[in-house]
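What follows is a short report on a single structure.
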Amino acid sequence: MTALSRVLIICLSLVAVGCTTNVSRFQMPDSDLGDIVALHIDPPGEERNADELQSLVVSNLEKRGYRVETRDASVTLGDGDYIFDIAADWHWDITWYLLELRVAIYEPGNNILVAQAQSQQSSLARKSSEEVVERAMASLFNDPEAQEEDE
């Protein structure tokens, strides 16, 4: 193998690694996401693009038929009400992009995790915030059609 071939293989390997995306999902074995009536979400914080990201997530949840309400700690949640949490990691690479989005559903009162999903991407595989939200939500709700469209 020539030196040029080795350099070419190394460069192609680095580009392939830089273009990766990853989606993961976890759900408690005894949980049923079909029991969800309403999801209660905290108001957006001061983090980068928090308003925009929360708006995208809420729209996606409503599109899936869920009722979404702003969380009020003084209100006791009833059956079918769950807490929805969003965590985002933004990075700079010439422009800001959403590197990682984590979404999770918790039982109210005891904060036991019911399900969570995570969507990660590298800067070379950069997708829009809308696409990252859709990938994470499709994974969270185990939507195989949406996951196939992404591939």
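Below is a table of values for the structure above.
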| read-out | value |
| --- | --- |
| Failed criterion for Gly80 (all others in (1) touching a helix residue (DSSP H, G or I) at 6+ places or on another chain (Cβ under 7 Å); (2) surrounded by 14 or more Cβ atoms within 10 Å (Cβ to Cβ) hold) | (2) |
| Residues satisfying the stated conditions in the range 96-147, i.e. surrounded by fewer than 17 Cβ atoms within 10 Å (Cβ to Cβ), small (Gly, Ala, Ser) and out of contact with any Gly (no Cβ under 8 Å at 6 or more places or on another chain) | Gly109, Ser128, Ala146 |
| Meets criteria (more than 23 Å from Glu46 (Cα to Cα), in contact (Cβ under 8 Å) with a residue 12 or more places away in the chain, within 12 Å of the chain's Cα centre (by Cα) and not in a strand (DSSP E or B)) for Ala115 | no |
| Residue list for the range 101-113, filter: farther than 17 Å from Val68 by Cα and at pLDDT 90 or above | Leu101, Arg102, Leu113 |
| Members of the range 37-75 that are among the aliphatic types (A, V, I, L, M), touching a strand residue (DSSP E or B) at 6+ places or on another chain (Cβ under 8 Å) and in contact (Cβ under 8 Å) with a residue 40 or more places away in the chain | Val37, Ala38, Leu39, Ile41, Leu53, Val57, Leu61 |
| Any chance Ser55 is in contact with a Pro (Cβ under 9 Å, 6 or more places away or on another chain), surrounded by fewer than 16 Cβ atoms within 10 Å (Cβ to Cβ), part of a helix (DSSP H, G or I) and not acidic (Asp, Glu) | yes |
| Residue in the range 70-86 that is over 23 Å from Asp30 (Cβ atoms) and part of a strand (DSSP E or B) present | yes |
| Count of residues meeting criterion [β-branched (Val, Ile, Thr) and touching a residue at least 40 places away in the same chain (Cβ under 8 Å)] in the range 85-112 | 4 |
| Restricting the range 114-141 to residues that are out of contact with any helix residue (DSSP H, G or I) (no Cβ under 8 Å at 6 or more places or on another chain) and of a type outside the set (A, V, I, L, M, F, W, C), the residue that is farthest from Leu39 (Cα to Cα) | Arg126 |
| Only one of Leu61, Leu101 that is outside any strand (DSSP E or B) and either out of contact with any Asp or Glu (no Cβ under 6 Å at 6 or more places or on another chain) or at negative phi (or both) | Leu61 |
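The values are calculated or read from the model by the stated rules, or taken from the named source; none is laboratory data. This structure is a prediction, so every number in the text was calculated from the model and none was measured. Note: ideal-geometry Cβ built from the backbone for every residue, glycine included; neighbour counts use all protein chains shown.
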